[in-house]
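Have a look at the structure below, then the notes.
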Amino acid sequence: MTKLTSKITAVLILVFIGVCMVFGMFGNKKLRSSDENRELSKRPALSRSSLIDGEFAEMLGSYTADHFPLRTNWLKLNSKLLEETGEGIVNGVYVADDILLDADTSRRASSGSCVAEINRFARDYGGAVYVVAVPTSSGVYRERLPEHLDVYRESQQISDFYDRLNKDIKRIDAYNILKMLNDNYIYYRSDTKWTSYGAYCVYRTVIQKLGFLPTTFDKYSIRHVTSDFRGNLYNRSLCTSVKPDIMDFYYCNEGAEVVSCTGIYNSGKIVDKRIYDDQQLDSDYVYSAYLGEEVPLLKIKTSVNNERKLLVIKDSYADCFIPFLTQHYSEIDVITPELLEGSASSFVDFGDYEQTLFLFGIENLSDSSIFAALNR
């Protein structure tokens with residue numbers, strides 16, 4: 001009886017695997033996973049060379065895994081099991097009761113490699129250069145990580161990064177501001193990035209360094225645009241035990257208005273943009289509601305009548321920060337250097353700006369290639 005049961009079990013398992021493979025190969029395919037915020041593998045093309053060098057087998061494995069029936073459900077179940085039976089780490093994400101934290105230390109490379117590019121830009125540029133290195137949620141809430149993971153301090157990485165910058169570059173401390181306010185909702189529960197309120201708290205210091213008085217908090221009306229945002233840490237872990245996040249838009253009703261907002265692509269194509277893009281709230285990447293879909297160059301003109309122009313060189317951490325700057329400058333040009341295919345100088349004339357602000361998350365300051373376009 002035991003042998004018969006074993007045979008039946010084996011047959012059922014083989015049938016299950018076979019059915020899954022058939023559905024995986026020939027069933028309806030999704031091109032993108034909204035939960036993971038990534039493109040799924042395409043069916044590989046068979047060729048002699050790919051068969052010989054093993055590339056076809058590797059691509060077929062990725063394709064089968066990406067299109068396994070009910071794949072997202074299985075991943076969520078696996079996440080739940082790891083969370084309950086393990087140490088709370090799922091795909092490099094630590095589940096700390098009410099917040100997800102990045103526990104993958106392999107992602108935390110040295111930021112020294114990009115310093116030379118920033119120093120070179122500052123040396124050749126005639127205006128004042130300001131730099132803000134923003135910690136991740138793991139850096140500010142590091143005490144909530146298990147002891148064996150608390151070996152990496154973003155505060156030290158930021159300090160080392162600032163120490164390598166040329167002495168003429170103005171460094172602005174975001175870490176200690178956010179650390180002092182960590183009892184507030186300054187970071188998303190499911191993302192490494194700060195919330196709009198976290199960005200506002202740092203804006204108050206940044207704008208004073210740039211020579212202006214900050215707009216007080218009571219001047220803003222806040223619109224809660226969604227309470228279902230799940231960020232990059234959710235995309236990696238698919239952990240549903242932590243509540244989705246709230247996203248806010250800040251409006252200074254009695255302040256300056258945005259007169260125009262245009263995006264410029266590498267091809268030269270110009271499109272109309274918005275500071276807050278509600279249409280993106282229904283997209284796979286909800287965070288792009290701040291400034292809309294990314295473009296290499298974003299040009300913002302406001303009703304501020306002071307003829308002051310600011311150049312911002314940024315990553316996605318700046319997207320919810322830039323709206324606060326619109327109360328102080330008549331023009332703000334925003335470069336996302338990793339999207340540039342050519343030289344930044346073909347998009348803008350650096351001599352037009354008396355001030356340039358670099359604003360990046362510390363996790364993105366380890367790749368010097370991001371800044372190479374600034375000095376081509």
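Residues in segment 343-376 that are out of contact with any helix residue (DSSP H, G or I) (no Cβ under 7 Å at 6 or more places or on another chain), part of a loop (DSSP other than H, G, I, E, B) and touching a residue at least 40 places away in the same chain (Cβ under 8 Å): Phe347, Val348, Tyr353, Glu354.
Restricting Val304, Val312 to those that are in the same structural domain as Tyr203 (by TED's automatic domain parsing), more than 24 Å from Ser159 (Cα to Cα) and hydrophobic (A, V, I, L, M, F, W, C) reduces the list to Val304. Filter segment 192-231 down to the residues that are within 30 Å of Asn91 (Cα to Cα) and either of a type in the set (Val, Ile, Thr) or buried (at least 22 other Cβ atoms within 10 Å of the Cβ) (or both) and list them by number. Answer for segment 192-231, where residues must be within 30 Å of Asn91 (Cα to Cα) and either of a type in the set (Val, Ile, Thr) or buried (at least 22 other Cβ atoms within 10 Å of the Cβ) (or both): Thr192, Lys193, Trp194, Thr195, Ser196, Gly198, Ala199, Val225, Thr226, Arg230, Gly231. Please determine, by comparing only the residues of segment 290-317 that are charged (D, E, K, R) and without any contact (Cβ under 8 Å) to a residue 40 or more places away in the chain, which one is surrounded by the most Cβ atoms within 10 Å (Cβ to Cβ). Looking at the filtered set, the residue picked out is Lys299. Looking only at segment 262-275, decide whether some residue is assigned to a helix (DSSP H, G or I), within 22 Å of Tyr197 (Cα to Cα), touching a strand residue (DSSP E or B) at 6+ places or on another chain (Cβ under 8 Å) and in the same structural domain as Asp367 (by TED's automatic domain parsing). No, every residue in segment 262-275 fails to be assigned to a helix (DSSP H, G or I), within 22 Å of Tyr197 (Cα to Cα), touching a strand residue (DSSP E or B) at 6+ places or on another chain (Cβ under 8 Å) and in the same structural domain as Asp367 (by TED's automatic domain parsing). Look at Gln327 and say whether it is touching a Ser or Thr at 6+ places or on another chain (Cβ under 9 Å), polar (S, T, N, Q) and surrounded by 16 or more Cβ atoms within 10 Å (Cβ to Cβ). When the stated conditions are applied, Gln327 passes them.
One residue stands out among those in segment 276-289 that are of a type in the set (Phe, Trp, Tyr) and outside any helix (DSSP H, G or I): the one that is modelled with the highest pLDDT, which is Tyr276.
Residues in segment 234-260 that are outside any loop (DSSP other than H, G, I, E, B) and within 22 Å of the chain's Cα centre (by Cα): Tyr234, Asn235, Arg236, Ser237, Asp245, Ile246, Met247, Asp248, Phe249, Tyr250.
The values are calculated or read from the model by the stated rules, or taken from the named source; none is laboratory data. The structure displayed is predicted, hence computed values, not measured ones. FYI the Cβ positions are ideal-geometry reconstructions off the backbone, even for glycines, and counts take in every protein chain you see.
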